[in-house]
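Participant: First, the structure itself, so that you have it in front of you.
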Amino acid sequence: MSPRLILMLAGLASVLALAAGLYWKGRHDDAVRERPKTEAALAKAAVAGLEAQGAQDTAQRVEVVVRQRDAASGVVAQLMPQALKSEDANAPLDPARAARLRDADRQLCVAAPSLAGCAPSGNAR
């Protein structure tokens, strides 16, 4: 090989190495510049995932409450006519039984103050 060919190949290799270095430097700089955007997008995706999970959990809880309400309404619908037609429907309650019922109402209001008929302080009416 002649020195001129070796010199040309070395120059070509230098130019290619310089071009590759500039290319990788540019990619690295772009990656550094885009990192905050990428991290923000990942954070938004995480928040969106948590919000979606929360929405699913809420929907499941609402479904359970609706099912419980419907079941309770069904039981009340069955028992109300029976209670109104009962032979002792108009008879006064035994005082001990009335006290037990008031105590049960108080306990329900303590356990779930948002129930209808519960006073704001958590006591039964």
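Participant: Just name the residue that is surrounded by the most Cβ atoms within 10 Å (Cβ to Cβ) out of those in segment 69-109 that are under 24 Å from Pro120 (Cα atoms) and hydrophobic (A, V, I, L, M, F, W, C).
Facilitator: Cys109
Participant: Let me ask you something else. In the list Ala41, Ala52, which residue meets the criterion of being without any contact (Cβ under 8 Å) to a residue 60 or more places away in the chain and under 11 Å from the mean Cα position of the chain (by Cα)?
Facilitator: It is Ala52.
Participant: Here's another thing I want to ask about it. Among the residues of segment 110-125, which ones are surrounded by 11 or more Cβ atoms within 10 Å (Cβ to Cβ) and modelled with pLDDT of 80 or more?
Facilitator: Val110, Cys118
Participant: Also: At pLDDT 85 or above and part of a helix (DSSP H, G or I), is that true of Ala104?
Facilitator: Spelling it out, Ala104 is indeed at pLDDT 85 or above and part of a helix (DSSP H, G or I).
The values are calculated or read from the model by the stated rules, or taken from the named source; none is laboratory data. Computed from a predicted structure; not experimentally measured. No Cβ is skipped: glycine too gets one built from the backbone with ideal geometry, and neighbour counts run over all protein chains shown.
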